[in-house]
Amino acid sequence: MDIAVIGSNMVDLVSYLSRMPDEGETVEAWDFEMGCGGKGANQAMAAARMGSSVLMLTRIGNDAFGETTRRNFEANGIDTTYVLETEATSGVAPIFVDDNSRNSIVIAKGANAFLTPADIEDAAEAIAQCSLIVLQLEVNLETVYAAIDFGNRHGIPVLLNPAPATPELDFAQVAKCDYFVPNETELALLTGMPVETLDQVQAAAGTILDHGVKNIIVTMGSRGVLWLSAAGPVLVEGRAVPALDTTGAGDAFIGCFSHCLVESGDVPASLATANAYAADSVTRRGTQTSYATREQFEKTGA
């Protein structure tokens, strides 16, 4: 395997609204879709569609949603050896998208809450053969920390996407990661600093770099991507596209970046390609359904 994704899966329940409701208000959705999602699963899917061989370590419920998730992984060539069935409901993510393509998401972890450090040890032989470990925060922190330590022990680079952001995140653990990839909202929550301007984003990201993180990559939507390392800041400009649905764009970026990084080892080129891939994804509705295959992406000329 090229990449081990250790983390979450969800079933997305997506409502399309003309506008978000105010507190206490009921509004009618003009459309609804259901699909496979979850940050871990989304990132695995994007990497697989770009051509990486991907191992997924996750827990699904013993229900119809869980079986749908397993079949979806299999259909896209993702190794499901460690997609573990659990006596619990599957995770779900109600998602609300307005006419300006802005989204709000609620998650119920379900079976994802039962992924443990012991599951990592059970999959140790397979994970140890991977070139990159990709993590998020939709599973328990102790499991995330165990995965970081596993990567460090075995000399495997670790990428952590701190989503959803939590003030409980231990920056001593973050410092062990090779790549830390928040979006601007998560960066603000983690640092308590403003991120309205590019200078503010750079200042906030710099405080995390000071903790010892080797690379911090901030995704900023239409403003592009900011990469900070000991060599200094690099800005990848945003791409102007006709956005229909921004849900899952950050996961598209991380999955594509992970694929390119393992394939080439070239961080600047990987950032540019992932930025274009994520921009392409927002031109279609849905999360995983919006992710292009490598052949489809190459046809865009991005």
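Hey, can you find the accessible area per residue of the range 76-159 for me, probe 1.4 Å, expressed in square angstrom? Walk me through the numbers before you get to the answer.
Numbers: 3500 Å² over 84 residues.
About 42 Å² of surface per residue is accessible.
If you roll a 1.4 Å probe over the chain with all protein chains in place, what percent of the accessible area is carbon or sulfur?
51 percent
Any lysines with Cα under 30 Å of the residue 176 Cα? List them, leaving off those in the same chain fewer than 8 positions away.
Excluding near neighbours in sequence, the set is 39, 109, 214.
With +1 on the Cβ of every Lys and Arg and -1 on the Cβ of every Asp and Glu, and nothing else charged, how large is the dipole of the chain about its Cα centre, in debye rounded to the nearest 20?
On the way: 17 positive and 39 negative charges, 129 e Å.
For this selection, approximately 620 debye.
Whose amide H sits under 5 Å from the amide H of residue 238, counting only residues 5 or more places off or on another chain, with H placed in the peptide plane?
Under 5 Å from the amide H of residue 238: 224, 225.
When only DSSP loop residues count, what GluC sites (Glu not before Pro) in the range 34-110 have their Cβ near at most 11 other Cβ atoms within 10 Å?
Hits after loop and neighbour filter: 87.
Find which of 194, 253, 147 sits farthest along the positive direction of the dipole of the chain, computed with +1 on the beta-carbon of Lys and Arg, -1 on that of Asp and Glu, about the Cα centre.
The listed residue farthest towards the positive side: 253.
With just the Cα atoms defining each centre, how far is the range 180-252 from the range 283-302? Give it in Å.
Between the Cα centres of the range 180-252 and the range 283-302 lies a distance of 22 Å.
Of the residues 237, 142, 28, which exhibits the maximal mean-square fluctuation in a Gaussian network model of the chain defined by a 10 Å Cα contact cut-off?
Highest fluctuation among the options: 28.
Specify the residue with the greatest mean-square fluctuation among 287, 197, 246, computed from a Gaussian network of the chain linking alpha-carbon atoms under 10 Å apart.
197
The values are calculated or read from the model by the stated rules, or taken from the named source; none is laboratory data. Treat the numbers as computed from the prediction; the structure is a model and nothing was measured. Here the Cβ is made from the backbone with ideal geometry for all residues, glycine too, and neighbour counts use every protein chain on show. Only protein heavy atoms, including side chains, enter the accessible area calculation; ligands, DNA and RNA are left aside. Shrake-Rupley method; radii C 1.70, N 1.55, O 1.52, S 1.80 Å.
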